[in-house]
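Everything on this sheet refers to the single structure shown next.
The values are calculated or read from the model by the stated rules, or taken from the named source; none is laboratory data. Note that the structure is a prediction, hence the values are computed from the model and not measured. Note: ideal-geometry Cβ built from the backbone for every residue, glycine included; neighbour counts use all protein chains shown. Note: areas computed on protein heavy atoms with side chains; ligands, DNA, RNA excluded. Shrake-Rupley method; radii C 1.70, N 1.55, O 1.52, S 1.80 Å.
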Amino acid sequence: MSSRSLKARHLEMIAIGGTIGAGLLKRSGKSIATAGPVGALLCFIIVGIQVYSVTTSIAEMATLIPISGAMSSLPARFLNKSIGFGNGLWYGIGWAITVPTELAAVCTLMTYWVSSSQFPVWAWSIIFAVPLLLSNVIHVKGFGETEFVLAIIKVIAVIIFIIFGIAVWLGAGSSGPLGFRNWNPAIVGATDTARFSNFASAFSTAFYAYSGTELVALTSAEASNVRKSIPRAVNGSFYRIAVLYIGSIFLVGVILNPASTTLLGSSIANSPFVFVYQQVGIGAAADIMNAVIVIALASAGNSAIFASSRSLYGLALQGDLPKFFAQVTSAGIPLNAMLVSFIFGVIGIVLNFVSGAENVFTGLSSLGSINTTITWLIISWTHLRFRQGYIHQGYDLKDLPYRAPFYPYTNYLSILISTVVLISVVFAAFYNVTVYDVNWIANHTWLFVGVPLLLGFALFHALYTGWKSGNIASAFNLVSLPEMDFKTDRFVETEEEKKDSEIVTTKPKTLKEWWAKVQYKLF
């Protein structure tokens with residue numbers, strides 16, 4: 001069994017900063033150059049709203065049933081077993097792919113300090129991969145503490161950027177007060193169709209930047225008190241997202257014109273995040289931001305190893321993968337499942353050597369972005385079915401440890417966003433394209449690898465299980481409301497955990513109660 005060692009503070013920092021990585025710090029400038037400042041900002045706002053919907057939906061299900069491999073087990077239990085298998089397997093592979101994606105980005109950033117003529121670029125992958133693997137292998141606390149520290153560094157760095165960015169916007173730089181002069185054009189494109197296409201293409205970056213906010217569900221099986229830790233991690237997430245993600249995109253958009261080459265970030269010295277520091281006279285800006293982004297990428301890689309291994313481990317527990325992947329160490333670490341991330345890391349090192357780190361990053365990050373879109377659609381659909389089944393079987397909503405606000409409207413909105421985005425990005429992929437070269441393929445790997453694989457996994461599982469049962473058609477049916485299982489793996493609080501949870505809901509009156517509240521917030 002997995003070890004319940006992750007505390008509330010671990011989950012909270014994973015929810016806030018565990019996903020700040022290459023999507024926000026490396027790719028966001030290009031999305032503004034492509035879609036324009038308003039276009040990119042709208043993309044991040046729309047996807048940010050969906051993040052809130054998805055995280056609250058997952059929180060409701062995971063606090064009641066904190067099970068390993070939530071991205072497969074929850075859809076399999078409340079939606080359809082084959083959809084759960086396809087989503088879980090591709091989710092696990094998608095996170096395994098994220099490991100070499102982040103390592104490739106690290107390789108490109110390290111060349112700022114050490115040129116490729118002095119040290120092989122691909123070798124940086126090995127140097128960073130080893131400690132990440134060790135932090136996950138030793139104990140789940142290793143992952144939690146590593147992520148806690150790295151996430152704090154990232155959050156502080158983004159907050160400092162926002163403070164300096166506001167100063168530059170208001171006139172601290174050499175250009176004086178900027179106002180909204182750089183919202184010209186607001187959305188890039190010569191025609192309405194071109195503007196729509198450019199706007200749609202920026203969703204890929206937004207989804208990639210936000211990917212991982214759903215990790216709270218995967219950590220639920222290893223959280224010390226899910227009724228305390230998960231709600232704490234989720235509550236207020238929308239406001240944190242608004243400040244960190246949307247605030248950063250807004251400031252970059254008002255500080256730099258979409259035609260600026262700084263947005264393309266061909267090197268760390270030529271990037272929007274460094275530009276702001278330079279405007280306020282910080283000479284070592286490039287070195288500071290390079291270090292911060294390297295830390296952010298290492299953190300994202302750390303999360304990717306954890307997410308991939310737990311997804312595959314969950315599928316093995318369900319009997320959908322060989323029991324080999326369900327074996328754990330004495331510390332509760334699914335080491336065999338973690339080897340998949342290691343294998344993809346090795347593949348990434350080889351690709352970095354053969355194709356170049358920047359090409360590898362572009363292709364793999366494109367693959368991961370649409371994977372997130374589909375996963376969130378499935379989770380929102382699953383939560384709709386979960387709540388319907390819970391009520392149908394006579395359970396009282398008051399007994400849910402956490403209830404998602406604005407149900408079912410946020411679920412419908414989430415499904416609508418994913419559906420419209422998927423249609424839009426397919427249109428943008430082919431609009432006005434005359435040459436389908438290597439660059440086009442690298443930017444659209446999701447189209448001919450990601451989506452077909454997910455659908456293929458689900459279809460294979462349905463045909464195989466249907467053939468084994470003698471009724472193939474039944475494998476395509478949704479799990480009926482009376483058949484939904486709300487009892488297996490249901491979390492039961494101990495007396496100590498009940499007392500611990502009272503701190504969350506009880507308003508402190510005495511000094512002792514206030515101190516308990518402070519300890520709850522910190523630890």
Those residues of region 381-413 which are in a helix (DSSP H, G or I), of a type outside the set (Lys, Arg) and open to solvent by less than 60 Å² (accessible area, probe 1.4 Å), in sequence order: THR382, HIS383, LEU384, PHE386, GLY389, TYR390, LEU397, THR410, ASN411
Any hit, region 414-421, residues being at pLDDT below 90 and buried (at least 16 other Cβ atoms within 10 Å of the Cβ): yes
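Being under 29 Å from ALA96 (Cβ atoms) and open to solvent by 70 Å² or more (accessible area, probe 1.4 Å): is that true of LEU459 here? So that I can check it myself, show each step before the final result.
On the way: under 29 Å from ALA96 (Cβ atoms): yes; open to solvent by 70 Å² or more (accessible area, probe 1.4 Å): yes.
The answer is yes for LEU459.
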Every residue from region 471-495 that is part of a loop (DSSP other than H, G, I, E, B), open to solvent by 70 Å² or more (accessible area, probe 1.4 Å) and of a type outside the set (S, T, N, Q): LEU478, PRO482, GLU483, LYS487, ASP489, ARG490, VAL492
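Can you tell me which residues in region 64-73 are part of a helix (DSSP H, G or I) and buried (at least 24 other Cβ atoms within 10 Å of the Cβ)?
First pass over region 64-73, keeping only residues part of a helix (DSSP H, G or I): 64, 70-73.
Listed by number, the residues that qualify are ALA70, MET71, SER72, SER73.
Among the listed residues PHE275, PHE344, which satisfies the condition of being within 25 Å of ILE152 (Cβ to Cβ), of a type in the set (Phe, Trp, Tyr) and in contact (Cβ under 8 Å) with a residue 12 or more places away in the chain?
On the way: PHE344 fails: within 25 Å of ILE152 (Cβ to Cβ).
The conditions single out PHE275.
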Subset tally (residues that are in contact (Cβ under 8 Å) with a residue 40 or more places away in the chain, touching a Gly at 6+ places or on another chain (Cβ under 9 Å) and farther than 18 Å from LEU315 by Cβ) for region 451-496: 5
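What is the residue count in region 162-176 for residues that are out of contact with any helix residue (DSSP H, G or I) (no Cβ under 9 Å at 6 or more places or on another chain) and open to solvent by less than 70 Å² (accessible area, probe 1.4 Å)? Let's see the steps before the verdict.
Applying the first criterion (out of contact with any helix residue (DSSP H, G or I) (no Cβ under 9 Å at 6 or more places or on another chain)) to region 162-176 yields 163, 170-171, 176.
Now drop any that are not open to solvent by less than 70 Å² (accessible area, probe 1.4 Å), which leaves 171, 176.
Number satisfying all stated conditions: 2.
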Only listed residue being part of a helix (DSSP H, G or I), of a type in the set (A, V, I, L, M) and at pLDDT 90 or above, chosen from ILE45, ILE16: ILE45
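Considering only region 120-161, how many residues are of a type outside the set (Val, Ile, Thr) and open to solvent by 10 Å² or more (accessible area, probe 1.4 Å)? Steps first, answer last, please.
Of region 120-161, the ones of a type outside the set (Val, Ile, Thr) are 120, 122-125, 128-129, 131-136, 139, 141-145, 147-148, 150-151, 154, 157, 161.
The next check asks that each one be open to solvent by 10 Å² or more (accessible area, probe 1.4 Å); those that pass are 120, 122-124, 128-129, 131-135, 139, 141-142, 145, 148, 150, 157.
Adding up the residues that qualify gives 18.
One line per residue, one yes/no per condition, for (1) modelled with pLDDT under 80; (2) open to solvent by less than 10 Å² (accessible area, probe 1.4 Å); (3) in contact with a helix residue (DSSP H, G or I) (Cβ under 6 Å, 6 or more places away or on another chain):
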| residue | (1), (2), (3) |
| --- | --- |
| PRO75 | no, yes, yes |
| LYS81 | no, no, no |
| PHE85 | no, no, yes |
| GLY88 | no, yes, yes |
| ILE93 | no, no, no |
| ALA96 | no, yes, yes |
| THR108 | yes, no, yes |
